[in-house]
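Below is one structure, written out as structure tokens; comments come after it.
The values are calculated or read from the model by the stated rules, or taken from the named source; none is laboratory data. Just so you know, these numbers come straight off a predicted model, no measurement behind them. Quick reminder, even Gly has a Cβ in these numbers, built from the backbone with ideal geometry, and neighbours come from all protein chains shown. With ligands, DNA and RNA removed, areas are computed over all heavy atoms of the protein, side chains included. Shrake-Rupley method; radii C 1.70, N 1.55, O 1.52, S 1.80 Å.
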Amino acid sequence: MKLQTVLPGALLVLLVLAGALLSYVWTPFEVTTLDIRNKLDTPGATHWLGTDHLGRDILSMLMVGARTSIAVALVAVGIGMGVGVPLGLLAAAQRQSWVDELIMRGNDLVFAFPALLIAIMITAVFGPGAVNAIIAIGIFNIPVFARLTRGATLSLWTREFVLAARVAGKGALRISVEHLLPNITNLLIVQGTIQFSLGILAEAGLSYVGLGAQPPIPSWGRMLADSQTLITLAPHLALFPGLAIVITVLGLNLLGDGLRDWLDPRLRRER
Amino acid sequence: MSVDQFPSAESDHPGELSSVVSSNTGDAPAQCLLKLERVGLTIHGTPILNDIGFTLESGKTLGIIGESGSGKSMTALSIMQLLPRGSKLSGRIQFANQQLQQLPEQMLCDIRGGDIGMIFQEPMSALNPVKTIGDQVSESIQLHRQVSRYEAVTLTAKTLERVGLPNKAFPLSRYPHELSGGQRQRVVIAIAVACQPKLLIADEPTTALDVTTQAGILELLKSLQHDEDLALMLITHDLAVVSNMADDVVVMNQGSIVEQGDLGAVFHRPSHSYTRRLFDASVLTQLTRDTRAMRIDSSAKPLLQVEQLVCEYPIKRTSLLGPARSFRAVDDVSFDIYHGESVGLVGESGCGKSTLTRALLGLMKLHSGSILLNSESVSAKQEVSRAARRQMQVVFQDPYGSFNPRHKVGRLVSEPLFVLAQQPDASEARQRVHDALASVGMNSADTDKFIHEFSGGQRQRIAIARALITEPSLIILDEAVSALDVSVRAQVLRLLDTLANDKGLAYLFISHDLSVVQRVSDRVMVMRHGKIVERGQTQSVFTDPQHDYTQQLIAAAPQLKVQERN
Amino acid sequence: MLRYLVRRVVSLLATLLVASLIVFVVIEVVPGDPASYMLGMNAQPDTVAALRAELGLDQSKPARYISWLTGMLQGDFGQSYTYKTPVADMVQDRLWISLPLSLYALALSVFIAFPAGILAASRRGGVSDTAVMGFTQLGIAVPNFWFALLLVLLFAVKLGWFSAGGFAGWESGVFQAMKSLTLPAIALALPQAAILTRVMRSALLDVLGEDFMRTARAKGLSARQALLRHALRNAMIPVLTIIGLQFSFLIAGAIIIENVFFLPGLGRLIFQSIAQRDLIVVESVVMLLVFAVVMVTFLVDLAYAWVDPRLRHAHR
């Protein structure tokens, strides 16, 4: 079908993904070696994107930092889907019962705690780290997926094809897996991409304020935090990590929009 | 969609405009209000309308007949100049001696709602849910008349009275969600006629309504037209409605006019083969079933016995501490169905027939009473047994919604096999799917297709195949032909006849459509407010109804007035 | 309407109660002994004992929760361990920066998003639609703190129109104070405005496809009149939901942005407190922020009823 709707986003995401994967086998420089003599180099032939205040190669740090960003956001989406989707299916299957009510009120409650507040509470008690960032963003994702799943399957439960399955004697679990899940997969993929991109942004924000991955693991957010005091001296330090975030998030959003247009059964049925 | 899905008509000759308009005010010949000449329409290059031409005079009613996709609604939107994006209109549409395509958008706005009013099919969604009915009617008046706010309110109140919504019972401050479907349609009519238009276009105005409500709306349209010398353009798929309302008719098929003329002439001597087929199909659904009742052995045990069935829904408490209340949707219903018998259940929306279906299928808890299938209980509060489920299958109304769009036909048709105690192996299951599809006239090659590759009629055949696969004794047909066009409907009804004869099936045929029930059932039951108010042999109920409500229903149902053709 | 209001208030109070319990459990119960956690590894036993007494840790946990709760209801948020001053006083000063900043940003994002969304929807597929949608794609992808850095670079370092950070204080006049909040508010507002624009546009497009819009056109309204009179109010339902959600993002975002601009708001306070392990302050500020988020959700619920008459008559 119309591949061009997915292509630009997919290319940007692939670029970032390739950089992250490449960094496992090769980076232009070691990210851990400090080279104080060459600190704050502007972009040039040796260091393509320059060096930071400790002489580390910016490009290498961006490549390794991509791993952190992607890993945190991906696992957080996994947590959100892994917990949220079954909860949403359950709530829809038991609609208007106390189970449904409990799940939905629980969702509302989690919505009262923005991801940053969860991260702050966790960090205040356990100290900062990438795992805590994952948990904080992951918890925040759960109600997003639970609501989406419940809303989408609730309307499916009244559809006649589900009634037909019930007449065939199939139970709620079997119907959820056989009939409902395949019909909301597209929705979940699209929302997954969106949450992925939000996760990248959230991870960057958390590590910017020091609640994310800790040194010496490079992360985009902390590179920006480090650049702040040197912003008049070396603006390129602030430029490149920011661009890396924008490219990744933009790519994911374009991919999500493209997938939506591509997979939307409403658009496809119009023939 | 967007706002400019209704593009303003392109005015190719801006210089001529003033002359066109000014020279034609006042002295237009009254007999020809609307005239379409060689009108063609394409949307994004796809041809929709082809060489449409007809005229309509003041004080006359023109019926436009066609099945879905015939282009009848697009004809109406062409006259309103409210076509979707990407539309290209050709030919001439002349209204009160102005050529509509050449008018600038501002003048079209004055004509819409001022000189031409329009009514739509879906009264439930045709009104803005966040504005009062008074606001929505008076908006139309304030747009087209130079009146004060106060006068507009007075006129609004008068208009609502005129369409049968007395201000005492329906104050202007009501919101649409506080009204029933028929009442909302009256508000839509009020908006359309508030400024005394010359032409009223009604696009399937009663299709979404119950038969008794439909009769009221049609009566209203008739009286409005008579009192105000309106030209009425009535678009419908229902020949019976047209035969009761129209002076002239236009029959459309696939974007073209196949036949037009005086009502009597077209209805008595249809010249085009499509029109004849349409009539034959409509007449077919109005015939009575040939009495197979003879073959039914009522001394034997009944196949299905429903005894004193009561079903209730909980409704929201009105106060926090008040008692839990419930709504009795099925109230003390008892009936039997014998082997090979076809029983019709008629009722309007909200009468409890859907709840009854759900109860029979074991999809909801019974409050009290019992359901016995082959003398075995399927009811009470326990799970429906597998054996009972195998014996009783269902065909739903919506040919689009009753299949999972992600599964192939083979898997869809074989789904009921899940109820069998002994699951058939893959090859046997495939064989049974093929047999079932063959018995409804479908091909075994269809098993590997997805459901969206089939038309509405084919889907309903597949739904019947799905019901047949467990070799049931009873099939519940829940409005099973209501969503189909009349010609397709006739084919499906014929198929059901054949299957009943071949396999000795019993049917419970649930519908709001009297003519269809009359056509298919040996016995009929009439349901209202959760109770069965009348029952008997189909022939006697329809010719000699006893209960007031049955009499009302039969009187309200439009009959196709057609004599023997020579 | 009254019943709707009562139900909302009950659910508001219930949410707040459970949320406070969660905050209490995470911060005071999970670390085991908050006193030794706050003082670190090398604390003297008698210092720990003194802090325990000061915090009332000898009481049972339910008793501590009750007294914390009742204290907050009376405006007593306890005493900061590091600063030895009442938390309520510290919070009050800083609230006067964080709250105006969030509201400023919210107002900016609404003022940008409404016209942009309406423009894009009414010119669907046209040049202005494409341009607006392009900008929103970019706006969503830009992290607000990075955008803030760029703003500083341009308007403070290069052009010198604004100071790079710090807060002028309300005592130096509303204009000066608002001026020092302007760059932070823009940085906060722009990504949110991008999201809100998209929501506004798609909500409008959804409504424009409804049957009643055709009725509106058929009664003689122009496309523009129909949009403003009939589509806008219906589109407000999803838009309000997003505005409500955005406020909680703005509060969270403000915490980060305050760090970029060295604004002495709640965000600075909370990060200092985390660094100093001052759990009492962290607990109170988190609870305050949760309270703000829940209150906004509540107000949005009320706004729904104002926009949608069907909710007002929900009992019918």
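Tabulated data
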{"quantity": "Span-rule helices in chain C, defined as complete DSSP H runs reaching 30 Å or more along the axis (Cα) with Kyte mean at least 0.0", "calculated": "C:2-24, C:87-122, C:174-208, C:232-260, C:279-307"}
{"quantity": "Most to least accessible of B:ILE532, B:ILE141 (protein chains only, probe 1.4 Å)", "calculated": "B:ILE532, B:ILE141"}
{"quantity": "Straight-distance crosslink candidates among lysines, where the alpha carbon sits under 20 Å from C:LYS158 and sequence neighbours closer than 8 are dropped", "calculated": "C:LYS179"}
{"quantity": "Under 17 Å from the B:THR55 label point (7 Å along Cα→beta-carbon), backbone N, segment B:259-275", "calculated": "B:260-263"}
{"quantity": "Cα gyration tensor, segment B:471-531 - rounded (a/c under 1.5), prolate or oblate", "calculated": "oblate"}
{"quantity": "Check: the protein assembly as shown dipole with +1 on Lys, Arg Cβ and -1 on Asp, Glu Cβ, in debye", "calculated": "640"}
{"quantity": "Rh (Kirkwood; distinct C-alpha pairs) - chain C, Å", "calculated": "22.4"}
{"quantity": "Estimated vicinal HN-Hα couplings, Hz - segment A:184-193 in sequence order (Karplus 6.51, -1.76, 1.60; Gly, Pro = x)", "calculated": "10, 4, 4, 4, 5, 4, 5, 5, x, 4"}
{"quantity": "Label point distance in nm, B:HIS177-B:GLU428, each placed 7 Å from Cα along Cα→Cβ", "calculated": "5.3"}
{"quantity": "Charged-residue dipole, Cβ positions (Lys, Arg, Asp, Glu), segment B:3-271 about Cα centre, Debye nearest 20", "calculated": "440"}
{"quantity": "Area of B:SER473 that stays accessible when all protein chains are in place (1.4 Å probe, Å², to 10)", "calculated": "20"}
{"quantity": "Neighbourhood charge, 11 Å Cβ-Cβ cut-off, centred on B:GLN458 and excluding it, Lys, Arg +1 and Asp, Glu -1", "calculated": "+1"}
{"quantity": "All-pairs alpha carbon distance profile, segment C:189-316, 10 Å steps from 0, percent", "calculated": "11, 28, 27, 17, 11, 5, 1"}
{"quantity": "C:LYS61 paired with C:ARG3, simple spin-label distance in nm, labels 7 Å along Cα-to-beta-carbon", "calculated": "4.0"}
{"quantity": "Per-residue SASA entry for A:TRP157, accessible area with 1.4 Å probe, Å² rounded to 10", "calculated": "10"}
{"quantity": "Degrees, to the nearest 10: A:130-157 long Cα axis against longest axis of chain A", "calculated": "30"}
{"quantity": "Cα lying deepest toward the dipole's positive end in segment A:3-270, options A:THR32, A:GLY205, A:LEU230, charges on Cβ", "calculated": "A:GLY205"}
{"quantity": "Beta bridges per DSSP with both ends in chain B, % antiparallel, nearest 5", "calculated": "55"}
{"quantity": "Under 28 Å from C:LYS61, Cα to Cα: lysines that are on another chain or at least 8 residues apart", "calculated": "C:LYS84"}
{"quantity": "Kirkwood-based shape ratio for chain A, expressed as Rg/Rh from alpha carbons", "calculated": "1.07"}
{"quantity": "Percent breakdown of C-alpha pair distances by 10 Å bin, ordered from the shortest bin, for segment B:103-200", "calculated": "17, 51, 28, 4, 0"}
{"quantity": "Of all DSSP beta bridges in segment B:3-271, antiparallel share, percent nearest 5", "calculated": "55"}
{"quantity": "Surface share of carbon and sulfur [accessible, 1.4 angstrom probe, percent] for segment B:481-566", "calculated": "45"}
{"quantity": "B:LYS88/C:LYS84 FRET efficiency (R0 60 Å; Cβ-Cβ; nearest 0.05)", "calculated": "0.15"}
{"quantity": "Approximate shape of chain B as ellipsoid semi-axes (Cα gyration tensor, √5λ), whole Å, largest first", "calculated": "47, 28, 23"}
{"quantity": "Residue pairs, from the table B:LYS35/B:LYS222; B:LYS35/B:LYS198; B:LYS35/B:LYS60; B:LYS353/B:LYS531, whose Cα atoms sit over 18 Å apart", "calculated": "B:LYS35/B:LYS222"}
{"quantity": "Rg followed by Dmax, in Å, when the protein assembly as shown is reduced to its Cα trace", "calculated": "35.0, 115"}
{"quantity": "Over segment A:1-116, volume per residue of the alpha carbon convex hull, in Å³", "calculated": "182"}
{"quantity": "Qualifying lysines (Cα of each under 24 Å from Cα of B:LYS449; at least 8 residues distant if same chain)", "calculated": "A:LYS2, A:LYS170, B:LYS408"}
{"quantity": "Rounded to the nearest 20 debye, dipole of segment C:183-316 from Cβ charges on Lys, Arg, Asp, Glu", "calculated": "760"}
{"quantity": "Where labels lie 7 Å past Cα in the beta-carbon direction, separation of C:VAL127 and B:HIS268 in nm", "calculated": "6.4"}
{"quantity": "Shape call, segment C:2-73: gyration tensor on alpha carbons, a/c limit 1.5", "calculated": "prolate"}
{"quantity": "With DNA, RNA and ligands ignored, accessible area of B:LYS503 (1.4 Å probe; Å², nearest 10)", "calculated": "110"}
